[in-house]
Structure formats: C-alpha cells, structure tokens
Amino acid sequence: EGYVDDPRNTDNAWVETTVRLFLITDRKLAARLKLKTGSDPRSANKAQWCEVDKSVLAEGSGDKLYADHRELIRLALGKAHAM
C-alpha cells in the first residue's frame, strides 16, 4: 500500500495503490461481485475482472497496466502459489 512509480506522477501529485489478493475460482461468484474503482472520475466503471497469464506479465506486452502493477501482480501470484 502506498506510492508507486507511475508516468502520471508529478512533483505535486502522485499515484498510490492498495493491493488485495482474493482467490476466487467460481466464475459465477466473481460475476456477482461488484468492482469499484478509485477516486479518479476518468476511471469510473472501468474496473473489470481479467485473466492473468504469462503474456500479461511480459514486459512490453502492449497491455494497459500502469505503474508497478505488473510487479504487484507477480508478487500476488507468488503468494497465491505458496498457499
């Protein structure tokens, strides 16, 4: 939780992220869960479930991950595999 390196950061404003890991294997349950974005009005209604695989984690994969999110996903997957 806290500051992340992000190209949108400035001297006066910066991005902070809170990460939570939920392991949900039931797709019907996942579909019923309501996702909520942060306080940025430009991101309203953009939260969504997505499949995560090696292609998403590859550098330069063309996805729209911001900041250190790729590394945060790697860390979460490492914890999930250790459970």
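The values are calculated or read from the model by the stated rules, or taken from the named source; none is laboratory data. Everything quoted here is computed from the prediction, not taken from an experiment. Please note: Cβ atoms are built from the backbone with ideal geometry, for glycine as well, and neighbour counts cover all protein chains shown. Accessible surface areas use protein heavy atoms only, side chains included; no ligands, DNA or RNA. Shrake-Rupley method; radii C 1.70, N 1.55, O 1.52, S 1.80 Å.
Table for the structure above
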item: Over the chain, relative contact order from alpha-carbon pairs under 8 Å, at least 6 apart, %; result: 27 percent
item: Accessible area per residue in Å² at 1.4 Å probe, computed on the chain; result: 90 Å²
item: Share of carbon and sulfur in the accessible heavy-atom surface of the chain [1.4 Å probe, %]; result: 54 percent
item: Max mean-square fluctuation residue, GNM over the chain, Cα-Cα springs under 10 Å, options 72, 21, 35; result: 35
item: Residues residue 21 and residue 53, FRET efficiency given R0 of 25 Å [Cβ-Cβ distance, rounded to 0.05]; result: 0.90
item: Between 0 and 90°, nearest 10: helix 69-82 axis offset from the chain longest Cα axis; result: 30 degrees
item: Distant alpha-carbon pairs in the chain (separation over 20 angstrom), percent; result: 44 percent
